[in-house]
1. So the check is Cβ under 6 Å with 6+ separation or different chains; which pairs have a first residue in the stretch A:10-37 that's touching a residue at least 12 places away in the same chain (Cβ under 8 Å) and a second one that's of a type in the set (A, V, I, L, M) and surrounded by fewer than 16 Cβ atoms within 10 Å (Cβ to Cβ)?
2. Do you know which residues across the stretch A:1-60 are over 20 Å from residue A:89 (Cβ atoms), among the β-branched types (Val, Ile, Thr) and buried (at least 20 other Cβ atoms within 10 Å of the Cβ)?
3. Taking the condition of being surrounded by 22 or more Cβ atoms within 10 Å (Cβ to Cβ), over 26 Å from residue A:22 (Cβ atoms) and in contact (Cβ under 8 Å) with a residue 40 or more places away in the chain, how many residues in the stretch A:62-101 meet it?
4. Can you work out which of the residues in the stretch A:80-107 that are closer than 16 Å to residue A:6 by Cβ and assigned to a helix (DSSP H, G or I) is farthest from the chain's Cα centre (by Cα)?
5. Tell me whether the stretch A:61-84 contains one or more residues that are within 14 Å of chain B (Cβ to nearest Cβ), among the aromatic types (Phe, Trp, Tyr) and out of contact with any Asp or Glu (no Cβ under 8 Å at 6 or more places or on another chain).
6. Quickly run through the stretch A:22-59 and pick out the residues that are part of a loop (DSSP other than H, G, I, E, B) and β-branched (Val, Ile, Thr).
7. I'm trying to understand the selection: among the residues of the stretch B:21-32, which are buried (at least 18 other Cβ atoms within 10 Å of the Cβ) and either part of a loop (DSSP other than H, G, I, E, B) or away from chain A (no Cβ under 14 Å) (or both)?
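No value in this document is a laboratory result; all are computed from the given coordinates. As the structure is a prediction and not an experimental result, all values here were calculated from the model. Counting neighbours? That spans all protein chains shown, and the Cβs are built from the backbone with ideal geometry, glycine included.
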Amino acid sequence: MTITHCKTDGDKATLGFVVANAAQGSEKETLVFLSSDGVYCAVPEEMAKINEGGPFAPLKDLVEKFIKAGGKIYVCTPCMKKRGITENDLIEGATPAGGAALVEWLSNGSPSVAY
Amino acid sequence: MTTDTLPDWEFDDEFDGGQETCGRVIVNLYLYIRDQPSGRRLLVISRDPGAPVELPAWCRMTRNKLAAMQHPYYLIILKPELIER
């Protein structure tokens, strides 16, 4: 699953994590790759600002639940660097990564959906 | 944080990824090793915070052997299965 929005479109960020939770909750090993503005979904103070209202849970709840369920989050390092985000700013459970990690995951045959 | 002391590894050559991240490190590394012989021991230095995930993934995909890693240092043996015996 790739998510490219947070501040720019809280609705898409929220939906991305709803689907990620559905996937992980269905016992499918799930990777969320955050790039572009989506990297803010892994920054606690930024994710806390996104709440689309019912029927959707706040983004922070969705992200925390995904990590608790064993979901994996990779965060694009150049996208972080561009925005002045460091490893220490990320929620525990999110890992800085990049193209090679994403390509390996996809080339192993994983289906993917983009938000 | 990273330890910046170079581990006691034997290597033939060195590739420093500099301040580059993500696909830039990968393609530069690919171009660097492309014409090098199998079995060569290459010390890769990458301060990309993603490197601990990226370089193992790249090695698995390209069948280079990650013999050791201690971020920002990575010891890679080039395509060991291609060595002629």
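1. A:24/A:69
2. Those that are over 20 Å from residue A:89 (Cβ atoms), among the β-branched types (Val, Ile, Thr) and buried (at least 20 other Cβ atoms within 10 Å of the Cβ): A:14, A:30.
3. Number of matching residues: 1.
4. A:82
5. The initial filter retains those residues of the stretch A:61-84 that are within 14 Å of chain B (Cβ to nearest Cβ), namely A:72-84.
Still in the running and among the aromatic types (Phe, Trp, Tyr): A:74.
Imposing the further condition that a residue be out of contact with any Asp or Glu (no Cβ under 8 Å at 6 or more places or on another chain) reduces the set to A:74.
Taking every residue of the stretch A:61-84 in turn, at least one turns out to be within 14 Å of chain B (Cβ to nearest Cβ), among the aromatic types (Phe, Trp, Tyr) and out of contact with any Asp or Glu (no Cβ under 8 Å at 6 or more places or on another chain).
6. To start, the set of residues in the stretch A:22-59 that are part of a loop (DSSP other than H, G, I, E, B) comprises A:26-30, A:35, A:43, A:48-58.
Selection gives A:30, A:43, A:50.
7. Of everything in the stretch B:21-32, those that are buried (at least 18 other Cβ atoms within 10 Å of the Cβ) and either part of a loop (DSSP other than H, G, I, E, B) or away from chain A (no Cβ under 14 Å) (or both) turn out to be B:21, B:22.
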